[in-house]
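The values are calculated or read from the model by the stated rules, or taken from the named source; none is laboratory data. What you are looking at is a predicted structure, and each value in this text was computed from that prediction instead of being measured. Neighbour counts are summed over all protein chains in view; Cβ atoms, including those assigned to glycine, are modelled from backbone coordinates with ideal geometry.
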Amino acid sequence: MRFFTSDLHLGDKSVARWRGFSSIEEHDELIAEGLRRLHPEDELWILGDVCKANVASVARLRDLISCERVHIVIGNHDSGAKFLTHGGFASVDYYAQVGRVVRDGYKFVMSHYPMLDWDRAYHGSYMLHGHIHSLTAERVSAFPAHGEGTNSGMGLRGYNERNRDHGIRRFDVGVDANGYLPVSAEQIVAFFPDDATWYEMHGLVPQA
C-alpha cells in the first residue's frame, strides 16, 4: 500500500510542547508507533519537516521505517543534503507526482506547502501537502491538547473537512490532521466525494 505523512518534527521540543506532550521522548515515541505500523512492501511518502537537521537524526528515522521505498519531499525545516548523504531513500525532492488516474484511480501532486492550483486538478488529481498543522474538530478536544489553538496559523481547524465539503481535492497529510498516523491513498480518495458528486458540485459535465 502507498502511505503519506508529514510534519513529524522528530526531536523538535517546541513542536512537542505545542502538541501538548510533556517530553520530547513521549512525542517522538508516538510518532514512531505510527511509522512502525507500516510493512516492508508498503511505500511511504514524507512531505517535509521530518526531523532535526543532521545525518544521525535521519539515520534513526530510517531505522524506524521498515518500508523498502521511502520518499522525502523537502520542507522548510529540512535540508535535502542530510537525506542524500544518508542515501536510504527512494527519492528526495521539493515536488513530486505519483499515480495515474486511469490506472490507479488517482493522481497525487505533492509539495510540503499547499497549492491553490495543481496539475490536472480538474481531471482527477489530488493535492497532498503538510506545513499548516491543521486539526480535525475531534483532534482539538482529544489527546494531546494542542494548547488553546486558533483558526489561524498552526492549528487551523477543520481544514481537510472544509476542502472536502467545497469539492477541493486538497489534503493535509500531516500527523496533526491524521491522529499521528500515516494515511493511505485509499483513505484519501475515500475521504472525498466520488467523481459524479464532484462534477455536480462544480457544475461540470463528467468526461466520457
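Output the residue which, of all residues in the range 66-117 that are surrounded by fewer than 21 Cβ atoms within 10 Å (Cβ to Cβ), of a type in the set (Gly, Ala, Ser) and touching a strand residue (DSSP E or B) at 6+ places or on another chain (Cβ under 6 Å), is farthest from Asp49 (Cα to Cα).
Gly99
Against the condition at pLDDT 95 or above and of a type in the set (A, V, I, L, M, F, W, C), how does Leu61 come out, does it pass?
no
Part of a strand (DSSP E or B), closer than 24 Å to Glu200 by Cα and β-branched (Val, Ile, Thr): does that describe Val70?
In short, no.
Taking the range 170-208, which residues are free of Cβ contacts under 8 Å to residues at least 24 places away in the same chain and either in contact with a helix residue (DSSP H, G or I) (Cβ under 9 Å, 6 or more places away or on another chain) or crowded, with 18+ Cβ neighbours inside 10 Å (or both)?
Matches in the range 170-208: Val205, Pro206.
I need a count of the residues in the range 159-169 that are among the small types (Gly, Ala, Ser) and surrounded by 18 or more Cβ atoms within 10 Å (Cβ to Cβ).
Total meeting the criteria: 0.
Could you look through the range 1-44, keep only residues that are assigned to a strand (DSSP E or B) and in contact (Cβ under 8 Å) with a residue 60 or more places away in the chain, and pick out the one that is surrounded by the fewest Cβ atoms within 10 Å (Cβ to Cβ)?
Step by step, filter the range 1-44, then rank; the result is Arg2.
I'd like the residue in the range 45-61 that is farther than 15 Å from Phe89 by Cα and more than 13 Å from the chain's Cα centre (by Cα) and, out of all such residues, is surrounded by the most Cβ atoms within 10 Å (Cβ to Cβ).
Lys52
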